[in-house]
Structure formats: structure tokens, C-alpha cells
1. So if I place +1 on the C-beta of Lys and Arg and -1 on the C-beta of Asp and Glu, and nothing else carries charge, what would the dipole magnitude of region 46-180 be about its Cα centre? I want it in debye, nearest 20.
2. Helix-derived [θ] at 222 nm for the chain: sum -39500 (n - 2.57) over DSSP H runs of at least 4, divide by residue count, nearest 500?
3. What does the highest-first list of 122-132, 95-105 look like by mean Cβ count within 10 Å?
4. For the chain, calculate the relative contact order in percent as a whole number, restricting contacts to Cα pairs under 8 Å that are 6 or more residues apart.
5. I'd like to compare 115-121, 7-13: which one has the highest average count of other Cβ atoms within 10 Å, and what's the full order after that?
6. Taking Cα atoms, how many degrees apart are the long axis of helix 2-16 and the longest axis of the chain, rounded to 10 and kept between 0 and 90?
7. Out of every Cα-Cα pair in region 65-166, what percent are more than 23 Å apart?
8. Given 105, 153, 129, which one lies farthest toward the positive end of the charge dipole of the chain, if we put +1 on the Cβ of every Lys and Arg and -1 on the Cβ of every Asp and Glu?
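What follows is calculated from the coordinates using simple rules that are stated; it is not laboratory data. Keep in mind the model is a prediction, meaning the values are calculated, not measured. Note that we place each Cβ from the backbone using ideal geometry, even for glycine, and neighbour counts take in every protein chain shown.
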Amino acid sequence: MVTKLYFTIIIAILALSCDGRYRKFKSKAEVLTELNLKEAFSKEIHIIPENPVQIVTDTVLNNGFKIKIHYYSQKDSVFVGSKINNTEDETYFKNFEATINIQNGEHKKHSVTLNKASFKDFETAAFWNRAVMQFVWIDFEASNEEFVYLNTAFNIVNTSVFKDFRISINKYGIVNIQQVNTLPNTI
């Protein structure tokens, strides 16, 4: 009998102290606004690319160079690219980086990492805060017995603003970077 009484009292306390009865007829948006949580739940965040990206290219040139390019998205390096139609929706873009391993027959293997910091002297900080490395590729025609030439491009997302660069790496691993001036709309 006593246990039934305790059980009834506990159920009564739980039922009477139940918070939220007054919210039963309110919409979810009204409840979130009341609790100052509407902005947190109505903001949409997009991250591009959503999943990690890795591209590995392994090439042996006829001049004796062995080149391995590992191009990948950095998981901890993102920047705000844009807000969509003046809403709270934001798009974040991941930065990319390339690690290049070069070996020329008789010389030891050299490793070079290319990212925004490698090119910071060629453009303003405002450009680099919004730019993404597009890709890195080998310039087969320009490469010779002494140098491997690579090209890369940076783009400000959702614009037609590009900066192109040529990277030369000699058989001793010394890197030289030059900006390539191209005209708009050239192919």
C-alpha cells in the first residue's frame, strides 16, 4: 500500500512539473525565437568539398626525373567564401596543398610542399584570403635534364580572377616560383 502511494506521488510530481505544456500549440519557430535559438538553427553552413579530396600522380619522365604529386584538401584550413543571397547561409571552402616528391636518378629524393604560403609574396593578403589552389600539373614540354617545371593556378571562388604560376625544381631540389601573366579569356 505504501509503495502504491509513493508511486502515485512520484507520478503526480512528474506530471505536474512537466515543462512545455504551454508550448503545445506554438510552432517550432516561435519556441526557438522565445529561447533565442532561432539563428543557430536557421543558419545553413556548406563546406566545399564536403569530403576529403586526394589526388596522387606518379610520373617518370624520359629525362630521368621521378615525380610524385600528392594534391589534397586541408581538413583544418577553411575560409568563408560567400553568403548566399544576403541570408545567414554561409559557404566555407577548404584550402588545398600539394606535396611534390622529386628524384633524379643519382641524386637524393627532395620533397616540396606548395600551398598559399609558398606564393604569398606575389599577391596581397586580400587575394590569398579568398583564393583556392586549383590544381598542380607537370609541364612536360618545358621540363628538361636539369629542371622539372610545374604549373599551378589559384582562383578566387565564384569569380573569374585567376593567378597562374610556374614552379621550377632542379635536380638538387631548389625551387623557383614565377608568376605567369596571362590575358583574360585565353586558352
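1. Computed charge dipole of region 46-180: roughly 260 debye.
2. -5000 deg cm²/dmol, from helical runs alone.
3. Ranked from most to least packed, the peptides come out as 95-105, 122-132.
4. Relative contact order of the chain: 13 percent.
5. Working: 115-121: 14.7, 7-13: 10.0.
Packing order, densest peptide first, comes out as 115-121, 7-13.
6. It works out to around 60 degrees.
7. Value for region 65-166 (Cα pairs over 23 Å): 35 percent.
8. Checking the options against the dipole of the chain, the answer is 129.
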